[in-house]
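Working notes for the structure below.
The values are calculated or read from the model by the stated rules, or taken from the named source; none is laboratory data. Fair warning: this is a prediction, and the values are worked out from it, not measured in the lab. Note: ideal-geometry Cβ built from the backbone for every residue, glycine included; neighbour counts use all protein chains shown. When the accessible area is computed, the model is the full protein with side chains, heavy atoms only, and any ligands, DNA or RNA have been set aside. Shrake-Rupley method; radii C 1.70, N 1.55, O 1.52, S 1.80 Å.
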Amino acid sequence: MRGVDRINDALPDELIVEIFRHVESKSGRDACSLACKRWLGLERVSRDTIRIGASASPDNLVNLLGRRFPNVRYMYIDEHHSTSLPVPCGKRRRSSEASSSKSRFTHVSDRSVPGEDGAGSYCLTDSGMAAVGESFAKLEKLSLIWCSTITDAGLRSFAEKCRALKCLDLQACYIGDRGLASVGECCKCLEDLNLRYCEALSDSGLVQLVIGCGRALKSLGIAACARITDVAFEAVGSHCKALESLTLDSEVIHNKGFLAIAKGCSELKVLKLQCLNITDDALEAVGVHCLSLESLALYSFQKFTDRSLHAIGKGCRKLKSLTLSDCYFLSNKGIDAIASGCPDLTHIEVNGCHKIGTDGLISIGKFCTKLSELTLLYCQRIDRNGLSEVGKGCKLLQTLHLVDCAGIGDDSMCSIAKGCVNLRKLHLRRCYGVGNKGIVAVGQNCKFLTELSLRFCDRIGDEALIAIGRGCSLHHLNVSGCLLVGDAGILAIARGHPNLSYLDVSVLQNLGDNALVEVGECCPLLKDIVVSHCRRITDRGISHLSRNCKLLESCQMVYCPGITEAGVATMATSCARMKKLLVEKWKVSERTKRRSGSIINYLCLDL
């Protein structure tokens, strides 16, 4: 009834705030905040998360946000990203006061402000850090990525005010030892710390930090910090008894430092390592002392062998996730030890480990009955027997990624299709042994498949896609470089998958306008499409696509000689939700530039 407010009269503040938290979209929260002054005020006090991008005046922006949103607990500042200010400084615009709940971020930034002097005005300074501390005393998480002008003094002024801080991300910040020591002195509740690419730090800073707050620390990430050596990691092992997650990328740490961590941090659950100088002697200690380990990732190791995996397989019985990348001295024996010793494995990725082959995969199929995701990249020694064993034993498999696995063919895919009927994601790239027969089997048996990528599998054609069109319910399809695919296959996909949201048909020389017309008519939920290098597609196909797919947000159509300036203009101006359109610059008229704004991206041909 006009003039009667039945909602505000009946509902208390707490219930309205709870309703706000269940509004899915940011735009929906924005609309709620504009309904009335009461809702605007409630939205402000209930917001707990803010994301700030590159800003022309970040220090002033922090002050502004602090006055408006007093209960923020999570703040993300990344000077490599540019977003939109909720209000221009000095003006009040209720329409831009974006909302955010526990799981949604507020995007805040300003592209540029005329009259600002120097590059420094675009970076958060020590003054801004002090303002963060003053304005957001309840802050529990602060992420500072590439904030290069913040010094030790700024970090100290913040730490002294935000003593309840639990998570701090200083990635690529040029913070020194004094600043890190002040965090350890003031933030006794700190649980999560990221120091990746903090090149100014040395052993002194990390040692002082863990002495101050190491007892609470649960997660630590360090990469490319050349002055942090074994000395600091011995301190971590001594003081961080509750550490559960360690990510370490270092060329200077040796066995001594890592042994101290393995022996002292026995509660480790997640371990990600890229350390050139660590050998079997150190990694064996993980299997002896870190019995709660659930996730292990080893990258570019050149000094350890199957001996380490035997120890880990024997001791880390709770292991669920294993990633091995460019570990050249590992063989099938190591994989067998892990597979037989860790029955709870659900995720395995093997990338570029050239000695791991069919026998290792047979062990995975035999012992890893709980496996849900398997990724095999550049594994040239795996043949059809290995993947067939996975199909027989891994009935719960939902995701399979295969790249450059030349020994895998149709028989392997048939075994996967018949044995792993719960498969939801199948990604193949340059698997030249797989043809129509294998993918037809997938379409006939894997009824829950939602993502299919067959990039540059040049033996797959229309027959395979027709079977997929009849049997599955895809949301995502990539057939880039499948040269045998033409209109018939894409017609079947369009008619069989009305919920399709992503389609990549690039480099299909036999694809024409009829396929795009059908996609436009049958796939109204399509958001992203790639048609680059499709020589038979013309303005006609693009016109039908843009007219019917109203949700399109991204389109790439370079090297399509049949698409003219008119086709580009149609796509740029007809799709109201379009965010990115990739085309050749010479196909964009001045009128299209004016009408489309910043959505057009140009193919760069400069060498």
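Without any contact (Cβ under 8 Å) to a residue 60 or more places away in the chain, surrounded by fewer than 18 Cβ atoms within 10 Å (Cβ to Cβ), basic (Lys, Arg) and closer than 16 Å to Thr399 by Cα: does that describe Lys370? When the stated conditions are applied, Lys370 passes them. Take Ser532 and tell me if it is within 18 Å of Gly562 (Cβ to Cβ), among the hydroxyl-bearing types (Ser, Thr, Tyr) and within 26 Å of the chain's Cα centre (by Cα). Judged against the criteria, Ser532 is a match.
The residues of segment 261-288 that are more than 25 Å from Lys241 (Cβ to Cβ) and either at pLDDT 95 or above or more than 31 Å from the chain's Cα centre (by Cα) (or both) amount to a single one, Asp280. The single condition among (1) at pLDDT below 90; (2) over 20 Å from Leu195 (Cα atoms) that Phe136 does not meet is (1).
Inside segment 531-569, residues that are of a type in the set (Ser, Thr, Tyr), more than 13 Å from Glu584 (Cα to Cα) and either in contact with a Ser or Thr (Cβ under 6 Å, 6 or more places away or on another chain) or open to solvent by 30 Å² or more (accessible area, probe 1.4 Å) (or both) make up a count of 3.
Just one of the listed residues (Leu291, Leu248) is of a type in the set (A, V, I, L, M), over 28 Å from the mean Cα position of the chain (by Cα) and at pLDDT 95 or above, and it is Leu291. Mind listing whichever residues of segment 16-53 are touching a strand residue (DSSP E or B) at 6+ places or on another chain (Cβ under 9 Å) and part of a helix (DSSP H, G or I)? Matches in segment 16-53: Lys26 only. Return yes when Thr358 is open to solvent by less than 50 Å² (accessible area, probe 1.4 Å), more than 29 Å from the chain's Cα centre (by Cα) and not small (Gly, Ala, Ser) and no when it is not. So Thr358 passes the test. Only one entry of Val531, Val507, Val583 meets the criterion of being closer than 24 Å to Leu484 by Cα and either touching a residue at least 60 places away in the same chain (Cβ under 8 Å) or in contact with a helix residue (DSSP H, G or I) (Cβ under 8 Å, 6 or more places away or on another chain) (or both), and that entry is Val531. Only one of the numbered conditions (1) hydrophobic (A, V, I, L, M, F, W, C); (2) closer than 17 Å to Ile211 by Cα; (3) surrounded by fewer than 18 Cβ atoms within 10 Å (Cβ to Cβ) is violated by Ala137, and that is (2). Just checking, does segment 274-291 include any residue being in a loop (DSSP other than H, G, I, E, B) and among the charged types (D, E, K, R)? No, every residue in segment 274-291 fails to be in a loop (DSSP other than H, G, I, E, B) and among the charged types (D, E, K, R). Inclusion of Cys394 among residues that are modelled with pLDDT under 95, in contact with a Leu (Cβ under 8 Å, 6 or more places away or on another chain) and crowded, with 23+ Cβ neighbours inside 10 Å is not warranted.
Candidates Gly341, Gly334, Gly315: the one that is in contact with a strand residue (DSSP E or B) (Cβ under 9 Å, 6 or more places away or on another chain), open to solvent by less than 50 Å² (accessible area, probe 1.4 Å) and more than 22 Å from Cys431 (Cβ to Cβ) is Gly334. Which one is most open to solvent (accessible area, probe 1.4 Å) among residues in segment 405-418 that are among the hydrophobic types (A, V, I, L, M, F, W, C) and at pLDDT below 95? Per the criteria, the residue is Ala406.
Of all residues in segment 376-391, those that are modelled with pLDDT of 95 or more, out of contact with any helix residue (DSSP H, G or I) (no Cβ under 6 Å at 6 or more places or on another chain) and buried (at least 18 other Cβ atoms within 10 Å of the Cβ) total 1. Determine if segment 267-278 includes at least one residue that is of a type outside the set (A, V, I, L, M, F, W, C), surrounded by 17 or more Cβ atoms within 10 Å (Cβ to Cβ), under 23 Å from Cys368 (Cα atoms) and touching a residue at least 24 places away in the same chain (Cβ under 8 Å). Checked segment 267-278: at least one residue is of a type outside the set (A, V, I, L, M, F, W, C), surrounded by 17 or more Cβ atoms within 10 Å (Cβ to Cβ), under 23 Å from Cys368 (Cα atoms) and touching a residue at least 24 places away in the same chain (Cβ under 8 Å).
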